[in-house]
Every structure is written in C-alpha cells, then in structure tokens.
Amino acid sequence: MEDSYILAIDQSTSGTKALLVDEKGHIVAKETTSHKQIYPQSGWVEHDPIEIYESVKEVINSIANSNQSLLKKMKTLTITNQRETLVIWDKQTGEPVYNAIVWQCRRTTIMCSSLKEKGYEEKVHAKTGLKIDPYFSATKARWILENIPGLRKRAEKGELLLGTMDSWLIWKLTNGRVHATDVTNASRTLLFNIHSLSWDDELLRIFEIPKVMLPEVKFSDDIFGLVEDSELLIPKMPIAGVIGDSQAALFAQRCFDQGMAKATFGTGTSVMVYTNEYVQTKEGLVTSIAWGFNREVYYALEGIINTTGDIIRWMKEDLALFTSFEEAETLAEMLDNNEGVYLVPAFVGLGAPYWSPHTKAGITGMSRNTNKSHIVRAGLESIVYQVKDIIQLIYKETNVIVKELRVDGGATANEFLMQFLSDLLGVKVIVSNVSELSALGSVYLGGLGTNVWKSVEEISQLNNEQSIYKPKLNRETSERYYAEWIKAVHTLLI
C-alpha cells in the first residue's frame, strides 16, 4: 500500500523511542528519551511507570509535531517492550501502587528457592516453558501484594490490575478502556499456559495471584484498541503489533524457518532459535511463544544472558575505563589476546545455562601486569562467551546446529566484538545494518494486522542491508579460550 506509515513505540530497559516507518520498512523519523534506573538496594531494580508513560507521550507527540503532513497516513501505533517487568495499578485511578519491578531485579530469589523446594519447578516448566526464577513476572507481582499493606485484599476485590509494560502502556493509551497483553508477553509471566494459551488456574494458585487482576491475552497482530488519551496528537489511532522486544527482533530478522537463530544485544542479551512448534527443554533454555500471527502461535527456544550491555555501561560509567565505544574497541585491540584474564559479569547472578542467582561477578587470571586494556577486553569477550554458552546448550538440547547467527542491538557496532563472536562460534555472523529491529518487528506485525503488508514473504523483501563476519581464528585457539572461560565461571559459581 502506497503512502502508509506506522508509528512504533520501543519501550526498553534504558529508555523509550518512537519511530515513524514507511511502507518500505525505512525509518523516516525517530525520537528518544531515557528514564531513571532505581536501585533501592543491592540486586533490586525498579522503574517509575508514570515517568515511562510520560516519556511515551513525549516521543509520540514529538514525532507527530514534526511530521504533521503525514498524520493522516499513519495507519497504526505498535508497541514493543522490555519483557517481564511488572506493574500493578489502581483500576479506578490508573495510578501505580508501586514502582515497576524490572526483569533484572533479584529481590524474589528466596521466594523462588522456596517454590522450588516445594517441588513446583517441573510442573511450572511443563506448563510455561520457563524456570522458576526472579527474572520472570509472577514472583514480582506476589512480592508487591505481600509487601505493600492492604494490596492483597484490594487485589482480591478486583480493585487492582496487573500487567507487563505493554499492558500498562495500552491501558494508559486507551484511557483505561483496554486491559490487554499479547501472547509473547503473557508467555514470560510464569502464569500463562503456552499450550492452552490461557491464564492457568493452577499456576495462579502456586504464585498466589488473583485471576481478576490479569489482562486479556491477544495475538501479536491483533488490533488492541484505539488511542484515547486526549493529550496525544494521534486520536483514535488503532494499536496493533504488540510484542516483547526479543521476539520482535526475531521477527524482524526474518527467522521464519526452523533452526534460524538470532542474538539481540541490549542491557542483557537474548539468544533465540525459532522452532515453529513447541519443544520441551531440560536444562538452561526456556521455551517461549515467538509470536501470535494470523490466529496461530509459533514457538522459539531462548537462552537469557542477564548482563551484556550493562558490562559496557559499568566499565564506562562506574570504572571510567573509556569514554566511548570506539575507545573500548581500541583498548581491546591493543592486546593480541586476553593473556588469561576473564571477567564473569554476574552482577545479578548468572542466567542460562547456569541459572545461579546468588553468584557474584569476578575477574580471574590477573597479574601485576594487568591493565585497563585487559579488563576492557575481558569485559567485551565475556559477552561472546555467554552467547557461546547458549549456542552450545541449543545443540545439546535440540541437536540443532546453528550454522549462522543473526545479530542486532547496540553492541553490534563494535567490530572487535562481532569478529570475536564469529571466531569463537566458528560460524558466519550476520549483522543487520538496519537499526531498531525490535521496533521494526512490531511494525511488521502491526502492518500485517492492518493490511499495510499482505504476507511475511512481502516483509522478507524489505530493508535487508547487512554486514557479514567470518571466522579468522583457528579452532584449537578458540576452544582453548572457551575452556578457560568455563574454568573462570566455575571458580565463582555458588
């Protein structure tokens, strides 16, 4: 369809973007703003939901103001979001009863351990594809209900609503008329049965969450409602194309065939392999819904890395080892190799395949000659080692050999990192030169849902610019590096 535009919201861990995308998949306008990271105590991470919604309004109106001639050509508003982050709010006032508890937050570690000790892990895994872990939403919701006086009774009376960030934004955008989420976000809560595609009564009993709080679950390409907030310059615009950020990137990377894999580098990293059908996992991987499209759901396996982009931020802002990404790359390349120095970035525990929430970060192999180049290189390399952990696990659990890896996210700008990724995995690494893939994934789904595009085949022809990295390091050396990484991790594991 000629002259169609789609407005996308990408609400991430670190900030919010609005993008205006044309029917060829080109980004024609973008606005970005950040929000506060709140750390009430060690291992706890929160966001202010009101601040986030205000930032959403700010970037939407900024795009609308700058592109007034295109307003009538904007067909839909799409949403991709940080997953698992949990908000509870008052049904009448629309005010949050507590800050959003972020996916990184580890405050429910003891609660999760207790649930595992009671023998719930196998049952929960069979129904949700996930592990009982503080990363996911259910224990965050239970923590709020148990720790803020009076909330449990109010929740049971139907006075409170619960949702992941997409659900919160949809509620606010529709002025309280729609309480809904999509199947991808629902599949990350520990409360959603990914076989029956419904909130599961047994899971709700295990996690002690009143069903009356929960949103309606829709397919990702559904029309969720209309924009009703009078402060927004896009009145009555339909909201469609709602999907969690990692799944959105998988869709935008066109991983439509079984065994295709991608890694999205953000604050954390998601390594996903598209399976199409449900695959039962045994160890560190989780099964999630990849997307709900055309009244069907499709599945993916995922390995979650808690800390990747955060390593770079920590080295830059807290340790002041460099002032730019380019300087970090230069420092790392000053060394021929890592000289035995390994950084294990367990700032909020370790995700797959270790699932060790208590493990602390550490640096091993240092000597008196260790300098900041070693630390920076070790930090960058740690991102790659963690991806290798996941790729190994995918093969172990599914026999799927990842023959190439598609990658996106901020860290892909670092050529040292991308080359080392190709070297360590021994496969071709394909870097999308199209930025904002999570946003584009939601755009493509929203556009399919509102007939801007007719098929995934049409989507596959859009915007395919890429850079390719091929392995240069010999296999023996790369395997030695990886073996030393495994040793470093096991030195620190609790």
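The values are calculated or read from the model by the stated rules, or taken from the named source; none is laboratory data. Computed from a prediction, not measured in an experiment: that's the story for all the values here. Positions of Cβ are generated from backbone atoms using ideal geometry, with glycine treated the same way; all protein chains shown enter the neighbour counts.
General observations
- Look at (1) crowded, with 19+ Cβ neighbours inside 10 Å; (2) in contact with a helix residue (DSSP H, G or I) (Cβ under 6 Å, 6 or more places away or on another chain); (3) within 24 Å of Q386 (Cα to Cα) and you find that P471 fails only one, number (1).
- Residue in the range 385-401 that is free of Cβ contacts under 8 Å to residues at least 40 places away in the same chain, more than 17 Å from Y482 (Cα to Cα) and either buried (at least 23 other Cβ atoms within 10 Å of the Cβ) or not aliphatic (A, V, I, L, M) (or both) present: yes
- Condition met for N451 (in contact (Cβ under 8 Å) with a residue 40 or more places away in the chain, closer than 30 Å to P238 by Cα and either surrounded by fewer than 16 Cβ atoms within 10 Å (Cβ to Cβ) or small (G, A, S) (or both)): yes
- Inter-residue pairs, beta-carbon under 8 Å, first over 13 Å from K127 (Cα atoms) and modelled with pLDDT of 95 or more and in the range 178-189, second small (G, A, S) and surrounded by fewer than 24 Cβ atoms within 10 Å (Cβ to Cβ), 6+ apart: V178/G225; A180/G225
- Any hit, the range 94-103, residues being within 24 Å of the chain's Cα centre (by Cα) and modelled with pLDDT under 95: yes
- Residue count for the range 339-381, restricted to those that are in a loop (DSSP other than H, G, I, E, B) and either among the aliphatic types (A, V, I, L, M) or touching a residue at least 60 places away in the same chain (Cβ under 8 Å) (or both): 16.
- The helices (runs of 4 or more DSSP H) located wholly in the range 181-281 that include 3 or more residues which are under 26 Å from K428 (Cβ atoms) occupy 245-252.
- Scanning the range 246-294 for residues that are of a type in the set (K, R) and either modelled with pLDDT of 85 or more or under 12 Å from the mean Cα position of the chain (by Cα) (or both) yields R254, K262.
- In summary, Q258 fulfils each of the numbered conditions (1) buried (at least 17 other Cβ atoms within 10 Å of the Cβ); (2) touching a strand residue (DSSP E or B) at 6+ places or on another chain (Cβ under 8 Å) with the single exception of condition (1).
- Considering the range 31-58, the residues that are in contact with a helix residue (DSSP H, G or I) (Cβ under 8 Å, 6 or more places away or on another chain) and touching a residue at least 40 places away in the same chain (Cβ under 8 Å) include one that is surrounded by the fewest Cβ atoms within 10 Å (Cβ to Cβ), namely G43.
- Test: residue in the range 301-309 that is assigned to a helix (DSSP H, G or I) and out of contact with any Leu (no Cβ under 8 Å at 6 or more places or on another chain): yes
- Residue within the range 56-64 that is in a strand (DSSP E or B) and closer than 30 Å to D229 by Cα present: no
Rundown of residues vs (1) closer than 27 Å to E46 by Cβ; (2) surrounded by fewer than 19 Cβ atoms within 10 Å (Cβ to Cβ); (3) among the basic types (K, R), yes/no style:
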residue: S167; (1), (2), (3): yes, no, no
residue: L190; (1), (2), (3): yes, no, no
residue: S196; (1), (2), (3): no, yes, no
residue: L203; (1), (2), (3): yes, no, no
residue: I206; (1), (2), (3): yes, no, no
residue: M213; (1), (2), (3): yes, no, no
residue: V217; (1), (2), (3): yes, no, no
residue: D222; (1), (2), (3): no, no, no
residue: Q253; (1), (2), (3): no, no, no
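- Qualifying residue in the range 94-114 (condition: more than 17 Å from P357 (Cα to Cα) and among the charged types (D, E, K, R)): yes
- With respect to (1) surrounded by 14 or more Cβ atoms within 10 Å (Cβ to Cβ); (2) free of Cβ contacts under 8 Å to residues at least 60 places away in the same chain, the lone exception for K118 is condition (1).
- Within the range 65-80, if we keep just the residues that are hydroxyl-bearing (S, T, Y) and in a helix (DSSP H, G or I), the residue that is surrounded by the fewest Cβ atoms within 10 Å (Cβ to Cβ) turns out to be S69.
- Selection status of R83, buried (at least 19 other Cβ atoms within 10 Å of the Cβ), closer than 26 Å to W453 by Cβ and out of contact with any Cys (no Cβ under 7 Å at 6 or more places or on another chain): yes
- Residue match in the range 135-158 (condition: of a type in the set (D, E, K, R), surrounded by 17 or more Cβ atoms within 10 Å (Cβ to Cβ) and at pLDDT below 95): no
- When each of T85, T93 is tested for being of a type in the set (S, T, N, Q) and closer than 24 Å to D182 by Cβ, the lone residue that passes is T85.
- Beta carbons closer than 8 Å, at least 6 apart along the sequence or on distinct chains, pair a first residue in the range 7-22 that is farther than 14 Å from L169 by Cβ and without any contact (Cβ under 8 Å) to a residue 60 or more places away in the chain with a second that is of a type in the set (D, E, K, R) and surrounded by fewer than 22 Cβ atoms within 10 Å (Cβ to Cβ) for L20/K30.
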